[in-house]
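Values quoted throughout were computed directly from the atomic coordinates according to the rules given, and no laboratory measurement underlies them. A quick note: this is a predicted structure, and the numbers were derived from the prediction, not measured. Quick reminder, even Gly has a Cβ in these numbers, built from the backbone with ideal geometry, and neighbours come from all protein chains shown.
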Amino acid sequence: MIYYLKLAFGRPKEIYKAKDMKKRHLAAIVALLIFFVTILNMVLIFPTINSIKSDGKEIANDLPEFSVADGTLKAEEGESYIHQTNTFLFFFDPDNQTSSNEIDQNMERLQVPIGIGLFEEEVYVNLSGFVMETPYSQMDDFDNETIQGIFNELGDFSIISYIISFVILYIGLGLFTLFDLLFIILFANLFSRVLRSNLTFKENIKIAIVSALMPTLAVEIASVSNLLSTYTFELKILLSLFFFYLTIKEMKKTKPKAS
C-alpha cells in the first residue's frame, strides 16, 4: 500500500502501475483517504466548538427572567432583543415582533451557524439549515433557567463525545467521498476508452482512485484553510482526471509496441 501512496504523491505519472493493486490495498487506501478528510474537517470544527462554549455562556448571562404559562412565554421585563456572537444569533421576542424567516435571513447574511428564537408561543432553532420549531405547550418546566443550563453546558465535550463525533463525521464524509470517487471512476473509465488504453474496468477503478488521492486532499486542505469555498467538487474531478490522463499517456509510452 505504501508503494501506491508514493506513486500518488511522488510519481503521479506512474500511477498506472496501481492497476495491479490488490483489493485489500485499495480498500485500505480509500479508508485512509476518508480518515484524513475527517481529521481535516475536525480541525475546522474545533475552533467552532470552543467559540460555542464561550458564546453560550455570554448569552446565558444576559438572558432575562421568563416563564411559560398556558403555552405562552411571559417575560419579567418584556423587552425583545437580539444577541449576536460568532456562532449564535439569538432572538428573545416574547411580543412576536420578528419571525423565523428573519432569523434565517440574518444567519445567511451574517454567516452565523446557529440561530435561536424564543417567540411568544414557540422556540425556533436553526442549526446551519436544520430547522426545529417546538411549541411551549409540548415542553415541561421551560423557563430562563432551562435555557441558561443548556447554554452553559454547550461545548463541554468529553473524550467519548469527540470519539462519537469523529465516527459520525467519518461515516458522513465517507459517503460524500465515495460519491466523489464514483464520479471520478465513471469519467475516468470514459477517458480510458477514448485514449484506447485497453484497461479493464477494474483496472480503471484502481488507477482512478489513486489518481484522486492528491487532488482530494489538496482541495480539502484549501477548503479548511478558507482558500477555497466553491467548486470543490468540480475541482476534485478535474484534477483527478488530469492525473489519470497523464498516467495513461505515460503507460502508453512505456508499453512495448507490437512488432
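Summary of values
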read-out: Rounded Å value of the spacing that divides the Cα centres of the stretch 23-46 and the stretch 209-255; value: 16
read-out: Gain on full stretching of the segment that runs from ARG24 to ASN198 - 0.36 nm per residue minus C-alpha separation; value: 60.3 nm
read-out: Kirkwood hydrodynamic radius (C-alpha pairs) into Stokes-Einstein, the stretch 66-142, 37 °C and 0.692 mPa s, D in µm²/s; value: 261
read-out: Axial C-alpha extent at least 20 Å, average Kyte-Doolittle at least -1.0 - helices from the chain (DSSP); value: 23-62, 159-194, 201-224, 232-254
read-out: Once exposed loop trypsin sites (Lys or Arg not before Pro) are cut out (DSSP; at most 11 other Cβ, 10 Å), longest piece of the chain; value: 23-195
read-out: Choice from GLU120, GLU102, GLU145 with maximal GNM fluctuation in the chain (Cα, 10 Å cutoff); value: GLU102
read-out: For the chain, built as a Gaussian network whose Cα springs stay under 10 Å, the top-fluctuating residue of GLU76, GLU153, GLU122; value: GLU76
read-out: Length gained when the stretch SER128-GLU76 is fully extended (0.36 nm per residue, less Cα-Cα span); value: 15.6 nm
read-out: Exposure proxy ranking, count of Cβ atoms within 10 Å, fewest first, for MET21, MET139; value: MET139, MET21
read-out: Cα-Cα over 18 Å, subset of LYS13/LYS253; LYS206/LYS253; LYS23/LYS249; LYS17/LYS206; LYS17/LYS202; value: LYS206/LYS253; LYS23/LYS249
read-out: Radius ratio Rg over Rh of the chain, counting only Cα atoms, Kirkwood formula for Rh; value: 1.18
read-out: Distant-in-sequence amide H partners of LEU89 (H built 1.01 Å from N, under 5 Å); value: ILE114, GLY115, ILE116
read-out: Spin-label pair GLN138/ALA69, simplified geometry with 7 Å Cα→Cβ offset, distance in nm; value: 2.5
read-out: Spin-label model distance (nm) - GLN105 vs ARG11, 7 Å beyond Cα toward Cβ; value: 6.1
read-out: Relative contact order (percent, whole number), the stretch 66-142, Cα cutoff 8 Å, 6+ residue spacing; value: 28
